[in-house]
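In what follows, a single structure is set out as structure tokens and then discussed.
The values are calculated or read from the model by the stated rules, or taken from the named source; none is laboratory data. A quick note: this is a predicted structure, and the numbers were derived from the prediction, not measured. Here the Cβ positions follow ideal geometry from the backbone for every residue, glycine too, while neighbour counts run over all protein chains shown. Side chains included, ligands, DNA and RNA excluded: accessible areas come from the protein's heavy atoms. Shrake-Rupley method; radii C 1.70, N 1.55, O 1.52, S 1.80 Å.
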Amino acid sequence: MTTEAPQFSGAALAEYRAILGRYPERRAALLPTLWLAQREFGWLSPPVLEYVAQLMELPLAWVTATASFYTMYWKQPPGRWHLQVCRTLPCALRGAEGIRAAVEERLGIRSGEKTADGRFSLEEVECLASCDTAPVLQVNNTEYHESLTVERTLALIDRLAST
Amino acid sequence: MAERLLLRCRDIPDLRRLDVYVAHGGYEATRKALTTCSPEQLVGIVKTSNLRGRGGAGFPTGLKWSFLPKQTAKPVYLAVNADESEPGTFKDRLIIEQDPHQLLEGIIISAYAIRCHTAYIYIRGEFALGAERFEAAIAEARQAGFLGKNVLGTGFDLDVWVHRGAGAYICGEETGLIESLEGKRGYPRIKPPFPATHGLFGCPTIVNNVETLACVPHIVLRGADWFRAIGPEKSPGPKLFCVSGHVVRPGTYELPMGTPLREIIYDHAGGIPGDRKLKGVIPGGASMPVFTADEIDVPMDMDSVQKAGSFLGSAGIMVMDETVCMVWTALVIARFFHHESCGQCTPCREGTGWLEKVLRRLEYGEGTATAADVDLLLNIAGNMMGTTICALSDAAAMPARAFVTKYRAEFEEHAALGRCPFRPIAEPSRRHAHA
């Protein structure tokens, strides 16, 4: 990790200013600004939170309190591929425990951990609102992988491992 | 109902594109509402239609709108609840991703009705694709003159902004959602005051669910009487039912409100795979009490389900066949609520944790549970209900109480055996993670 203080790129700053224009109060722009910061810096390290507080002229405590409340803001650096396996009832009824166990066995990590090479991390998440295609997992907060079987899950890991 | 309205996207390819949407009659409802109706008339039409909220509480939409102050110097806000997080519910995601203009029309017409010029759609963080699609729909609509200054030349101004959540079930609670929109933790507020008078940024605010708003253009085009005639008069309309778990065809089904639960499970969703027996069904998302196999001849509308001892909630129907352990099921649900409790209120913060702990002891405790644990669950649940700021505590307690009450012998068997009779194994891959 770089020791330099984090700083938005020019493009990110322009995006930040556009975000401010959507709200009558600056504090309301905090969630989208944290999303922007996570996209720019990969995760929300303490220096990144300090930068956001300074940029938005908000107390650091407000920024930290908000960032720490939401699970999709990463307070630890995730792996290159962050696997978010749903564990809620509809997925659990259709084999989510087996999916998670297969991922854990293949990668040699448990939920909440990261592989030594930093390629993969694993998290159990609650309902992703894709219960008709259970079991599901999401990768890097964005991509859904639905109607999984153990074979398809392991194939996904193989594909991600080579990219 | 032969005709699909809310799910026209199933019949019309690429309906999410503005040109396709307009070619199929899109934005005619907006034109009709804005050019031929006053805001008061629209509130009246929605009131007469008996439209009730599709997010879970079932509150009458027109009545909610009429709680706004008649005279106010403050701006009025519309906050669209697209935080769809109730386990077993996946209908709003479908509308946002596949038919965003239908929702956008609902937003425009409703904003006009409540004299709102800024609407925010709060989309849960996990819906990255939905947020992207909705942003694209907003841009298209703005370009075409359906949004922005002077909508359709009527002098009505409206901006719609996407606000993404970041992973928190509680932000689906309307005041938690408002707090989150303001950049804070999603801590629900004490009510009153209600959002209609003191909402977003301290201003009058209406919070409506995605599916609720998607009904509005259809009501405008076809009339309040048409809507009220579908299903029971006091809880009418087309309704999206989400079916998951042990059925042959899991999915979202658009059916008249009041369609029997048995018909939804066995006809529409194809019944239970392998002709196994039904053991239980949760009718309205994880917050709602379970029905046993003998209780499924209930019409799926708000009043009938409530009369039968549960709630229609978000209409997330989760089906469990005879192989399912109900202690395990209660545990999976309790774990969810423990994870999602915001921690403000002691009965919820502590109670959700205790429910999970005692259920885990029964399911995986290797003999540490006792017969007294079964009543302990009821005791904990009893102390969680009606004692907190928002309904999450009740939402955790109600299903726990229903599982224990309706499947009590199974809970007692777990305690007597010292293990789960269905899955006599240690909790998968937690063997080393938990003491």
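Some points to look at:
- Here's how it looks for B:Ala166: its modeled amide H is under 5 Å from those of B:Gly125, which are all 5 or more places away or on a different chain.
- Toward the positive end of the charge dipole of chain B, with +1 on the Cβ of Lys and Arg and -1 on the Cβ of Asp and Glu, the farthest Cα among B:Phe241, B:Gly343, B:Leu359 is that of B:Gly343.
- Farthest positive-ward along chain A dipole, Cα basis, beta-carbon charges - from A:Leu137, A:Ala12, A:Gly95: A:Ala12
- Shielded residues, the stretch B:225-246 - accessible-area loss of 30 Å² or more between chain alone and all protein chains, probe 1.4 Å: B:Gly245, B:His246
- In this simple spin-label approximation, B:Ala57 and A:Ala5 carry label points 7 Å from Cα along the Cα→Cβ vector, and these lie 4.5 nm apart.
- Antiparallel bridges, percent of DSSP beta bridges restricted to the stretch A:81-161 (to nearest 5): 55 percent
- Dipole magnitude of the stretch B:19-94, debye to nearest 20 (Cβ charges: Lys/Arg +1, Asp/Glu -1, about Cα centre): 320 debye
- Paramagnetic label zone (point 7 Å from Cα along Cα-to-C-beta, B:His117; backbone N under 17 Å) in the stretch B:154-197: B:154-161
- Atom-type composition of the exposed protein surface of chain B places 53 percent of the accessible area on carbon and sulfur (1.4 angstrom probe).
- Within chain A, helix-based [θ] at 222 nm, where runs of 4 or more DSSP H residues each add -39,500 (n - 2.57), nearest 500: -13500 deg cm²/dmol
- On the basis of the beta-carbon distance and an R0 of 22 Å, B:Ser66 and A:Arg22 show a calculated FRET efficiency of 0.20.
- With the simple spin-label model, which puts each label point 7 Å out from Cα in the Cβ direction, the B:Gln306 to A:Trp62 separation comes to 3.9 nm.
- Among the trypsin sites (Lys or Arg not before Pro) within the stretch B:235-304, those in coil by DSSP and having at most 14 neighbouring Cβ atoms inside 10 Å are B:Arg276, B:Lys277.
- Per residue, the accessible area of the stretch B:326-434 comes to 42 Å² when a 1.4 Å probe rolls over the protein heavy atoms.
- Linear extension gain, B:Val248 paired with B:Arg276, 0.36 nm per residue minus alpha-carbon span: 9.0 nm
- Cβ-Cβ distance of B:Arg17 and A:Gln54, R₀ of 45 Å, FRET efficiency by 1/(1 + (r/R0)^6): the value works out to about 0.60.
- The DSSP beta bridges internal to the protein assembly as shown are antiparallel in roughly 45% of cases.
- Take the Cα of A:Thr115, step 7 Å toward its Cβ, do the same at B:Thr368, and the gap between the two points is 3.4 nm.
- Between B:Val207 and B:Ala79, the built amide H atoms are under 5 Å apart, and every one of these is 5 or more places off in sequence or on another chain.
- Excluding ligands, DNA and RNA and using a 1.4 Å probe, chains A and B jointly bury around 4300 Å² of accessible surface, summed across both partners.
- Averaging the Cα positions of each part gives two centres, and for the stretch B:369-393 and the stretch B:45-118 these lie 33 Å apart.
- Dipole of the stretch B:204-284, positive direction: furthest Cα of B:Gly258, B:Val220, B:Gly270, with charges on the beta-carbon: B:Gly270
- Residue-by-residue Karplus 3J(HN,Hα) for the stretch B:285-290, coefficients 6.51, -1.76, 1.60, Hz, glycine and proline x: x, 4, 6, 9, x, 6
- A 1.4 Å probe run over the stretch B:238-321, with the rest of the protein chains in place, finds 30 Å² accessible per residue.
- Dipole magnitude for the stretch A:10-69: computed about the Cα centre from +1 point charges on Lys and Arg Cβ and -1 point charges on Asp and Glu Cβ, it is near 140 debye.
- Solvent-accessible surface (1.4 Å probe) assigned to B:Thr387 amounts to roughly 70 Å².
- 1.4 Å probe, heavy atoms, protein only - residues of the stretch A:129-146 losing at least 30 Å² accessible area vs chain alone: A:Ala129, A:Cys131, A:Asp132, A:Tyr144
- Taking Cα centre as origin and charging only the Cβ of basic (Lys, Arg, +1) and acidic (Asp, Glu, -1) residues, the dipole magnitude of chain B rounds to 660 debye.
- Remark: the stretch B:98-163 carries 30 Å² of accessible area per residue (probe radius 1.4 Å; ligands, DNA and RNA excluded).
- Normalised contact order of chain B, rounded percent, pairs of Cα under 8 Å and 6 or more residues apart: 15 percent
- Residues whose placed amide H lies under 5 Å from that of B:Gly245, excluding near-sequence neighbours: B:Val319
- Solvent exposure ordering (accessible area, 1.4 Å, most first) of B:Ile45, B:Ile170: B:Ile45, B:Ile170
- R0 of 35 Å, Cβ-Cβ distance B:Arg10-B:Thr292: FRET efficiency to nearest 0.05: 0.60
- Percent of beta bridges antiparallel (DSSP, chain A, rounded to nearest 5): 55 percent
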